[in-house]
Amino acid sequence: MPGEVHILKSLVQPREQFGYFRRFNRAEGFFLRFLMICILSAFMTAISYFLSAEHLLNMPIVKEVKLTETKLQASKYLLMVAGGLIGFITPAVVITLMSIVFLPFFREVGFKKLFVLQSIVYCVFLISALIKLPFQGMLHTNEVLSPLSLGVIANYMTNNAFIISLFGFISLFTVWAFYLTYTGLKQASYKSKTYIIAAVSLLYIGFILLSSLTYAMQYGQLTL
C-alpha cells in the first residue's frame, strides 16, 4: 500500500502524518522530497564553507603554502563548491548509516521505513544548521554552537571540548528529533512504548557520546 510522505507536515504534526507508517509498502513522491533535502543540504553547506573560508584559510597548513591574495579569493569559491558537493552527499550517507544502526532494534519496521523516518529527522538538524549560518557569517568560522543549546553556556564555563560538545547536544533540536523518532517508531513498530523509548535513548546517548569524544580528539584533549 503506497503512502505519501509530507516532510514539512511531519515535522510539526508527527502523530497525524506518521499514521500511515505501519501500513505503507512504498512512499509516493519520496524520491523527489529526498532529492530536495540533498539540494538544500548542498546549498547550506556551500554557504557555510564560504562564510567559514577565512578561518579555514588561516590554518597553519594553508599559511605555509603562502597563497597570493588572488588565489586566496579563488580558494573561497573552491571551498564553496567543495562544500556543495559534500553537502549533497552527506544526507544519503548519514541517513543510511542511522537507518542501519536502528535496524537491529527495529527489524519489523524495515530499512525502507527507517530511511524515510530518518530523512524527516535529518531535516531538524538542517533547520539547526540554518539558524547557525548568520553566526558563522559574523564570526567567520564553522565552529559555532547552536544558540538554542546549553553548549553556549558551557563554552563560558569551561575549555573542555568534550563537555562543550556534550552540552551542545542538549538543545531544542535534539528533543525535537528524539520526539519525531519515537513517534514514528511507535506507529511503525509493534514493540512496547518502554522498549522504543529505551532503544532510542540508548542510540541517541551513544551517538552524542561518540560525537563528543571525536570533538575532544580533534582538539587534542583526548588521545587513544
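The values are calculated or read from the model by the stated rules, or taken from the named source; none is laboratory data. Since we're looking at a predicted model, the values are computed, not measured. Cβ atoms come from the backbone with ideal geometry, glycine included; neighbour counts cover every protein chain shown. Heavy atoms of the whole protein, side chains included, go into the accessibility calculation; ligands, DNA and RNA do not. Shrake-Rupley method; radii C 1.70, N 1.55, O 1.52, S 1.80 Å.
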S146 meets each of (1) assigned to a loop (DSSP other than H, G, I, E, B); (2) open to solvent by 60 Å² or more (accessible area, probe 1.4 Å); (3) of a type in the set (S, T, N, Q) with one exception, condition (2)
Among the candidates L203, L148, L180, residue that is of a type in the set (A, V, I, L, M) and touching a strand residue (DSSP E or B) at 6+ places or on another chain (Cβ under 7 Å):
L148
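Does T181 meet the test of being assigned to a helix (DSSP H, G or I), closer than 21 Å to S211 by Cα and open to solvent by 10 Å² or more (accessible area, probe 1.4 Å)?
Values: assigned to a helix (DSSP H, G or I): yes; closer than 21 Å to S211 by Cα: yes; open to solvent by 10 Å² or more (accessible area, probe 1.4 Å): no.
So T181 does not fit the description; no.
When you go through N159, N155 one by one, which is the residue that is open to solvent by 30 Å² or more (accessible area, probe 1.4 Å), part of a helix (DSSP H, G or I) and out of contact with any Pro (no Cβ under 6 Å at 6 or more places or on another chain)?
None of the other options fit; the residue is N155.
So which helices (runs of 4 or more DSSP H) stay within region 1-113 end to end and still have 1 or more residues that are open to solvent by 50 Å² or more (accessible area, probe 1.4 Å), touching a helix residue (DSSP H, G or I) at 6+ places or on another chain (Cβ under 8 Å) and at pLDDT 90 or above?
Details: elements: 7-12, 14-17, 30-51, 53-57, 60-63, 69-102.
It comes to 30-51, 69-102.
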On the phi < 0 side of the Ramachandran plot and open to solvent by less than 60 Å² (accessible area, probe 1.4 Å): does that describe L172?
no
Residues (open to solvent by 30 Å² or more (accessible area, probe 1.4 Å) and outside any helix (DSSP H, G or I)) located in region 114-143
H140, N142, E143
